[in-house]
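Each remark here refers to the structure printed beneath this line.
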Amino acid sequence: MTLRFASLVAAAVMAAAPAMADLVVPNYSYRTGPYAANGTQYADGFNDYFTLLNERDGGIGGQKVLTPECETAYNTEKGVECYESLKGQNQLVVAPLSTGITYQLIPKVSADKVTLYTPGLGRTSSKNGAAFEWVFNAPANYWDGASVAIKYLLDQNGGSLEGKKIALVYHNSAYGKEPIRTLQELSKKHGFTLTELPVDAPGQEQKSQWLQIRRDKPDYVLMWGWGVMNAAAIQEAANIRFPMENFIGIWWSGGEVDVEPAGAGANGYKSLTFNGVGMDYPVYDDLKKHVIDTGKASQDGQYVGSAVYSRGLYAAVVIAEAIRKAQELAGTPEVNAEQVRAGFEALDITEARMAELGLPDFGQPIKLSCANHGGDGHARIQQWDATAKKWTLISDWIAPDAEVLDPLIAEDSEAYVKEAGITPRCN
Amino acid sequence: MIYREAGDFKTTYQADSQTFPLRLDRLGYYALLAVAFLVIPFVVSDYWATSVLVPFLIYAIAALGLNILVGYGGQVSLGTGGFMAVGAYATYKLTTAFPDVSILVHVIVSGLITALVGMLFGLPSLRIKGFYLAVATLAAQFFLIWLFNKVPWFYNYSASGQITMPERTVLGQIVTGPATPAWVKYIVCLTFAVSLAWLARNLTRGTVGRKWMAIRDMDIAAEIIGVNPLQAKISAFAVSSFFVGIAGSLFFAVYLGAAEVGESFGINKSFLVLFMVIIGGLGSIFGSFAGAAFLVLLPVFLKNVLVGGFGWPTDLAAHIELMIVGALIVFFLIVEPHGLAQLWRLTKEKLRLWPFPH
Amino acid sequence: MEQLLYASEIVVNGLMTGVMYALVALGFVLIYKASGVFNYAQGVMALFAAMTLVGIQQGQVPFAHLINALTGTHVSHFGWNVPAVLAIALTAVVMVLLAIAIQKLVLQHLVGQEPIILFMATIGLAYFLEGLGDVMWGADVKTLDVGLPQGISDAAEALTARLTGYGFFIDRLDIWAAVIATALVAALVAFSQYTKQGRAMRAVADDHQAALSVGISLRFIWIMVWSIAGFVALVAGIMWGTKSGVQFSLSLIALKALPVLMLGGFTSIPGAIVGGLIIGVGEKLFEYFVGPMIGGATETWFAYVLALGFLVFRPQGLFGERIIERV
């Protein structure tokens, strides 16, 4: 018995080492802890797309994709442990769905030469490929998000926000503080006043913040929340009868789990998104045929089509396309991490290509280069319909205000360059 | 038979008061140290060094510090996370302000700064006792986290409020930053852990330690026999915070390399270290290491067995892992309420009598 | 004048929030009073109770995920819905069973141990229950709806608008919470004052040995106390679960109860209520007046500083028992 157990442990520690030929794209998921509800759906979408590629096309370029899953619980230490344990498995891309873990890994991936892909999260200035060689955050980042939200509001107000009051309710952490600088710049430019309302994690108790909103009557409320904070904020907004159509969340505050607890009160709530929603895309037919009906879906496919699931799927799509590009450039299907980085940098997902993938207009065209690791940063607005229980896209793609963002990105990446002592590339 | 002394023939006080009275123990200890310093660095894999041994050693230092306060001084503290943050931020500020001074000096100075902060938050202990004292340290915990999150000076005005450790070298060898070899991290942490454990051992068996224990056992009685409670309690807070500050400093500089205050040094960290101390055994140096090992190694081990060995879904494995850890804590308590250290002590007692227990 | 009105609105809401904190703190006090155990698992018990309630209500198959993983089946729901009242009753039964299990498997083996060891046992319990809840019911967010109303109370707004010219915001859920908490405390006090078991419980709280010597069954009392605490956890779970959905973070409300406990005293039921009210009002007012000057989000730490301030003057909490120490 002891011997059997010991051998089992030995086997476990060695872990199921994949055949070297397979493409390893680990799924840094969190299905436990305070953010499990969102993390689970994202991880399912991520897994299912690669399962689809394996089942339908036999992988990418004939190479099967493995997605060994590692539970991070949104905890930086566990995330680092996952990274170290997967390093031995020749991982091609690291995509942790956590800004905290991303910051841990940015210096590490540069030293270990692995691509870090953080769509819509992480360190915003990593858009600047000259400073961040190994990090990609296409198609959009937090500052894009802040700018797009303001642009949308400008549109709503006939081009002027002069004298308007905008409140920002944010998760009191690195993630939540991201948009502040951008919004401050934008408030100077467009003449609106910005009130910042921090909410400490986990954020179940937000009465003070919402009482203040009720008193101050801001015209619009923006939210950078995550986990239970989203649901609590939307509930409190409904409680004080804040007009929901004036309440806009970042994409991470735009999942079904965030609005459903508030029931009918959440009707009309808006959020940003950089991916399509719903299941009206041809890829879902294939997904149903090859993955869901054959019982291979992650967690029985209970979240297929949800907003966060779609985002996980989108991340997988971009990674798969980058690997395809890398194979093309390297001329061999067996690519390594360094070649995948080159694939990312040469990534060019056109509208036609998205349609070919069965996802027409699901995401914006992405064209990356040595200097641009972040794409164009477009985003759209989705609105929650509480009776139909679904998100509807209500705007077209909106471009961020590069005039404001570019200097900020340059400033922050310069700070990084100086701190890390690197020479910028791309000259 | 082998594991015992043949009678009590000590002729000097030194022999009488040594840490390991049994020769076998002593040899075992030196052998362990030799293996830790001379063998492991050459054979350890990167994964084991960075994700298992380094966190284990750092948590052991933190647990040692907290054990001085809780186990020897009898003062409950739930502010460990906050004090670790002080150590981390002190290191960051110092090393960015004085890049030319050795990082090792900065780590120790960070410990001293944390000691000052700890003394400040230890003052209410003169008035408040027992579980109620936890409120003072909890106030420290939440206030410090809030402070580091709110005041941009602490994180050098970076956009997101994260702090990142720049590369530093000692004797030409990189010891912090992403390019650090795994074995160097391990050696740095091991050196600190061993010297601090040595310090703790010698403090706790000397006058200072005896004063702490007198206060712990009954403060009024201690006061009557001439122990100054102010001195004893505040010194316990200071020494404890010094250890915890060094742990926080290493945690940030050597282990993680970047940190966000609420996430890395939150209240969970305080609880985790307290659990280590209690599970390992209050008032025991060995217990601090055992408790840290239990709570660092067990989850990693279980994860590898359940996910890697049985191929279970990661979420199910994570939940079952929680259940197993919880059940084991309760099981150990029922078997031996005084922690792993007592279990070890009993084993040694039994060995001593073996094979003739009567 | 306007400032004053805003401040009084905040005071009212602070009181309401205080009641919500007190609901969580009550469970701690009950167990501490009767058995001297600081029950770290109280927050997790609230989470577990709320999860069980939603699970029963929606007819979820317990351990569905585990069963599916082991046998390859795809079960999730029984396909029925249980009415809220029945579901609450069933959950209460589950909490009693849990109390019996805790007594039989844990506490019984630790009789007479030091408080810190019993505290640690509850840490183990917290880990275990957290895992068990997730394995049984899954870790996704669940919407808890037992028919409690939520949102601004129009009556209160109209009334205050007529009286002062400014309509106060009062959440209907908070009003319900206040009513339920009052009923709960009244019931607890009546129980401990006027019933035989209640008196026995107080006797045990006073002196274990003396209670044993007059023939009170410690085992029974402990099961009873843990059952009541489980029920209080259920009530707290319902309230907080209705507010923000049932998920992992629900267990963290225990952190909100800690300063309340320390302020009110670990051994006093009125203390928990008064402590909750003081903390609720104090942190809200501080956030309103001082918060904007120093950057906000002060509530987490101010609650503790406030409690600390009180404790410096009364080291055993406002209503705690003064222990006379002798050498």
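The values are calculated or read from the model by the stated rules, or taken from the named source; none is laboratory data. The structure displayed is predicted, hence computed values, not measured ones. Neighbour counts are summed over all protein chains in view; Cβ atoms, including those assigned to glycine, are modelled from backbone coordinates with ideal geometry.
Worth a mention:
- Unique match (being charged (D, E, K, R) and within 13 Å of another protein chain (Cβ to nearest Cβ)) among A:Glu71, A:Glu55: A:Glu71
- Filtering the range A:340-370 to residues that are buried (at least 21 other Cβ atoms within 10 Å of the Cβ) and in a helix (DSSP H, G or I) leaves A:Val340, A:Arg341, A:Gly343, A:Phe344, A:Glu345, A:Met354.
- Of all residues in the range B:253-268, those satisfying the criterion of being within 11 Å of chain A (Cβ to nearest Cβ) and in a helix (DSSP H, G or I) are B:Tyr255, B:Leu256, B:Val261, B:Gly262, B:Glu263, B:Ser264, B:Ile267, B:Asn268.
- Checked against the criterion of being in a strand (DSSP E or B) and touching a residue at least 40 places away in the same chain (Cβ under 8 Å), the range A:400-417 contains not a single residue that satisfies it.
- Test for C:Ala257: is it among the small types (Gly, Ala, Ser), buried (at least 24 other Cβ atoms within 10 Å of the Cβ) and facing chain B (nearest Cβ under 9 Å): no
- When residues of the range A:187-233 are limited to those that are β-branched (Val, Ile, Thr) and crowded, with 24+ Cβ neighbours inside 10 Å, the one nearest to the other protein chains (Cβ to nearest Cβ): A:Val228
- Taken over the range C:1-58, the residue count meeting the criterion of being of a type in the set (Ser, Thr, Tyr) and not in a helix (DSSP H, G or I) is 1.
- Residues of the range A:141-179 that turn out to be more than 14 Å from every other protein chain (Cβ to nearest Cβ), under 11 Å from A:Thr124 (Cβ atoms) and not in a helix (DSSP H, G or I), as a count: 0
- Selection of the range B:117-138 for residues being small (Gly, Ala, Ser) and touching a residue at least 60 places away in the same chain (Cβ under 8 Å) yields B:Gly118, B:Gly122, B:Ser125.
- Filter result (surrounded by fewer than 20 Cβ atoms within 10 Å (Cβ to Cβ), in a helix (DSSP H, G or I) and not aromatic (Phe, Trp, Tyr)) within the range C:303-322: C:Gly309, C:Val312
- Filtering the range A:251-285 to residues that are more than 10 Å from chain C (Cβ to nearest Cβ), over 30 Å from A:Glu356 (Cβ atoms), aliphatic (A, V, I, L, M) and buried (at least 24 other Cβ atoms within 10 Å of the Cβ) leaves only A:Val259.
- Matching residues, the range B:322-339, being more than 7 Å from chain C (Cβ to nearest Cβ) and crowded, with 23+ Cβ neighbours inside 10 Å: B:Gly339
- C:Phe231 being over 15 Å from the mean Cα position of the chain (by Cα), of a type in the set (Phe, Trp, Tyr), more than 11 Å from every other protein chain (Cβ to nearest Cβ) and surrounded by fewer than 24 Cβ atoms within 10 Å (Cβ to Cβ): no
- Among the residues of the range B:149-171, at least one is β-branched (Val, Ile, Thr), within 29 Å of A:Glu414 (Cβ to Cβ), more than 10 Å from chain C (Cβ to nearest Cβ) and touching a Phe, Trp or Tyr at 6+ places or on another chain (Cβ under 9 Å).
- Apart from one condition, B:Pro99 fits all of (1) touching a residue at least 60 places away in the same chain (Cβ under 8 Å); (2) surrounded by fewer than 24 Cβ atoms within 10 Å (Cβ to Cβ); (3) in a helix (DSSP H, G or I); the exception is (3).
- When we screen A:Leu97, A:Leu116, A:Leu105 for residues that are assigned by TED's automatic domain parsing to the domain that holds A:Val340, without any contact (Cβ under 8 Å) to a residue 40 or more places away in the chain and not in a helix (DSSP H, G or I), the only hit is A:Leu116.
- Test: C:Phe286 is within 13 Å of chain B (Cβ to nearest Cβ), part of a helix (DSSP H, G or I) and either in contact with a helix residue (DSSP H, G or I) (Cβ under 7 Å, 6 or more places away or on another chain) or acidic (Asp, Glu) (or both): yes
- Which numbered condition A:Thr193 fails, given (1) touching a Leu at 6+ places or on another chain (Cβ under 7 Å); (2) in contact (Cβ under 8 Å) with a residue 24 or more places away in the chain; (3) outside the structural domain of A:Val340 (by TED's automatic domain parsing); (4) of a type outside the set (Gly, Ala, Ser): (1)
- Residues satisfying the stated conditions in the range C:128-159, i.e. of a type in the set (Val, Ile, Thr) and touching a residue at least 24 places away in the same chain (Cβ under 8 Å): C:Val135, C:Val141, C:Thr143, C:Val146
- Residues being touching a Leu at 6+ places or on another chain (Cβ under 7 Å) and surrounded by fewer than 24 Cβ atoms within 10 Å (Cβ to Cβ) - total across the range A:122-143: 0
- For the range A:53-60, the count of residues that are without any contact (Cβ under 8 Å) to a residue 60 or more places away in the chain and touching a strand residue (DSSP E or B) at 6+ places or on another chain (Cβ under 8 Å) is at least one.
- Against the numbered list (1) of a type in the set (A, V, I, L, M); (2) within 11 Å of another protein chain (Cβ to nearest Cβ); (3) crowded, with 22+ Cβ neighbours inside 10 Å; (4) more than 16 Å from A:Ala174 (Cβ to Cβ), A:Ile106 comes up short only at (4).
- Residue within the range B:64-77 that is of a type outside the set (A, V, I, L, M, F, W, C) and within 14 Å of chain A (Cβ to nearest Cβ) present: no
- If only residues of the range C:157-175 that are part of a helix (DSSP H, G or I) and crowded, with 18+ Cβ neighbours inside 10 Å are counted, the one that is modelled with the lowest pLDDT is C:Thr160.
- Flag for A:Val257 being touching a residue at least 24 places away in the same chain (Cβ under 8 Å) and not assigned by TED's automatic domain parsing to the domain that holds A:Ala149: no
This table checks each residue for (1) more than 30 Å from A:Gln299 (Cα to Cα); (2) more than 14 Å from chain B (Cβ to nearest Cβ); (3) at pLDDT 90 or above.
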position	(1), (2), (3)
C:Glu2	yes, yes, no
C:Phe38	yes, no, no
C:Val44	no, no, yes
C:Phe48	no, no, yes
C:Val61	no, yes, no
C:His65	no, no, no
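- Close Cβ contacts (under 8 Å, 6 or more residues apart or on different chains) running from residues in the range C:44-70 that are closer than 17 Å to B:Pro313 by Cα to residues that are among the β-branched types (Val, Ile, Thr) and assigned to a loop (DSSP other than H, G, I, E, B) comprise C:Ala64/C:Val75; C:Ile67/C:Val61; C:Ile67/C:Thr73; C:Ile67/C:Val75; C:Asn68/C:Val75.
- Within the range B:192-233, the set of residues being polar (S, T, N, Q) and within 19 Å of B:Thr19 (Cβ to Cβ) comprises B:Ser195, B:Asn202, B:Thr204, B:Thr207.
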